[in-house]
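Worksheet for the structure shown next.
The values are calculated or read from the model by the stated rules, or taken from the named source; none is laboratory data. All of these numbers come straight from a predicted model, not from anything done at the bench. All Cβ positions, glycine included, derive from the backbone under ideal geometry; neighbour counts span all protein chains shown.
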Amino acid sequence: MKSLFDKFLPLEETRAELIASSGADPFHVVVERVISATEAMVNGRKVIMAGTNNYLGLTFDPECVAAACTAIREEGTGTTGSRMANGSYAAHVALENELTRFFNCPAAIVFSTGYIANLGVLSTLTGAEDVILLDADCHASIYDGTRLGSAQVIRFRHNDPADLEKRLKRLDERARSTLVVVEGIYSMLGDRALLREIVDVKRRYGAYLLVDEAHSLGVLGQNGRGLAEEVAVEEEVDFITGTFSKSLGSIGGFCVSRWPELKYVRYAMRPYIFTASSSPSLIASTRKALERLHHGAELREKLWDNATRLYQGLAAMDFTLGPEISPVIAVRLPVSAGVAPALWGELLSQGVYVNLVLPPATPKGGSLLRCSLSAAHSHGQIDAMLDAFALIRDKLQPHHL
Ligand SMILES: Cc1ncc(COP(=O)(O)O)c(C=O)c1O
């Protein structure tokens, strides 16, 4: 008789084979001790963390830490319920008000994670009569949100406004109840949406636009509001979703909108209603981090300086990289089983932790050694990353580059 677990055996076998052939185990990494925003103990040794999304390095910011400690002492470790059932804490509402001021938008909703924000918004805003037109490289939380809802889902080619236009044209009148979904900076290759062109298309067809600024909040724009601010199209973006778990160094998610009617949607969203609200300490550190981010021009400058140093150093070694300099830097490798995990293991043994991304999670196939930079990295750490990559570069065959 078949067991419920049989279907997982092929996956487990593939993992075991990869571990055996590469001599590295990327599937069971334990961070034994966190030392700072950029360093931790892994496998008994000190490593540079070059795979977290701690873009502004705020996880150990003294003011954020102090705010979280005070909140935990005064309000406890958790809310033990949802905002619908148990009510919002004053700090949830205060953070929503701060987000409306920060984004100059009339409406904001705070969620328990960025994943949940996308689930809630995508599954609820659109109904069975509506259409979601999403960039093919969108994050899993966006795809999952569409699965929870009932709208018709159509993908357009990654970052291709002409393909988006072709599909909107085909929809004819239905374009007016279509939600176009893109990301500010795409999480795998670090490339930016062609937002001006996308805004132009959506405006001409009367569609709505949602931008997930998960990786661009705090990273782009004079005030850190993301790609829409950077390319001056904020007034044309209908919804922005994002996360507190990257540049804000906490956990949580949000949606803001230039439409005050977003408030009608709050109590229709199952992922908002049926989960516990964020803990007081998370909300407190997020509020402090939002202030730091808003006035964080210096941190952004440091982050981009670090990103440029790593990107140019890797490009000079002839690695195939994502298309543009970005705090997300993906070293692209061929699919051949074992190559990428072995190189990942080699980097770790050189004291550098990066993300290993294997197919099918990678766009356009192949595997990625994905680095993400932080304003908290020193030039010395970036150079140590480059030294480690130079070592693996020597082990690669020309056809692997
Ligand atoms: C584009 C994008 N959206 C949403 C999320 C989800 O964020 P969270 O970690 O807060 O659930 C992520 C996280 O990786 C992401 O990359």
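Being acidic (Asp, Glu) and surrounded by 10 or more Cβ atoms within 10 Å (Cβ to Cβ) is the filter here, so list the residues in the range 6-25 that pass it.
Hits for the range 6-25 are Glu12, Glu13, Glu17, Asp25.
Of the residues Gln350, Gln312, which is without any contact (Cβ under 8 Å) to a residue 24 or more places away in the chain and not assigned by TED's automatic domain parsing to the domain that holds Gly149?
Gln312
Filter the range 30-70 down to the residues that are in a loop (DSSP other than H, G, I, E, B), in contact (Cβ under 8 Å) with a residue 60 or more places away in the chain and either closer than 30 Å to Ser278 by Cα or aliphatic (A, V, I, L, M) (or both) and list them by number.
Hits for the range 30-70 are Ser36, Ala37, Thr38, Ala50, Gly51, Thr52, Asn53, Asn54, Tyr55, Leu56, Gly57, Asp61.
Looking at the range 92-136, which of its residues are surrounded by 19 or more Cβ atoms within 10 Å (Cβ to Cβ) and in contact with a Pro (Cβ under 6 Å, 6 or more places away or on another chain)?
Result: Ala107, Ile116, Leu119, Gly120.
Inspect all residues belonging to the range 291-300 and state whether any of them is buried (at least 21 other Cβ atoms within 10 Å of the Cβ), farther than 22 Å from Asn97 by Cβ and modelled with pLDDT of 95 or more.
Checked the range 291-300: at least one residue is buried (at least 21 other Cβ atoms within 10 Å of the Cβ), farther than 22 Å from Asn97 by Cβ and modelled with pLDDT of 95 or more.
In the range 238-249, is there at least one residue being out of contact with any His (no Cβ under 9 Å at 6 or more places or on another chain) and either more than 12 Å from the ligand (Cβ to nearest atom) or outside the structural domain of Tyr186 (by TED's automatic domain parsing) (or both)?
Yes, there is a match, as at least one residue in the range 238-249 is out of contact with any His (no Cβ under 9 Å at 6 or more places or on another chain) and either more than 12 Å from the ligand (Cβ to nearest atom) or outside the structural domain of Tyr186 (by TED's automatic domain parsing) (or both).
Under the condition of being closer than 19 Å to Gly145 by Cβ and either out of contact with any Cys (no Cβ under 8 Å at 6 or more places or on another chain) or assigned by TED's automatic domain parsing to the domain that holds Ile325 (or both), which residue from the range 203-215 is nearest to the ligand (Cβ to nearest atom)?
Across the range 203-215, the extreme among qualifying residues is Ala214.
Between a residue in the range 109-120 that is charged (D, E, K, R) and any residue that is modelled with pLDDT of 95 or more and surrounded by fewer than 24 Cβ atoms within 10 Å (Cβ to Cβ), which pairs come within a Cβ distance under 8 Å, given they are 6 or more apart or on different chains?
none
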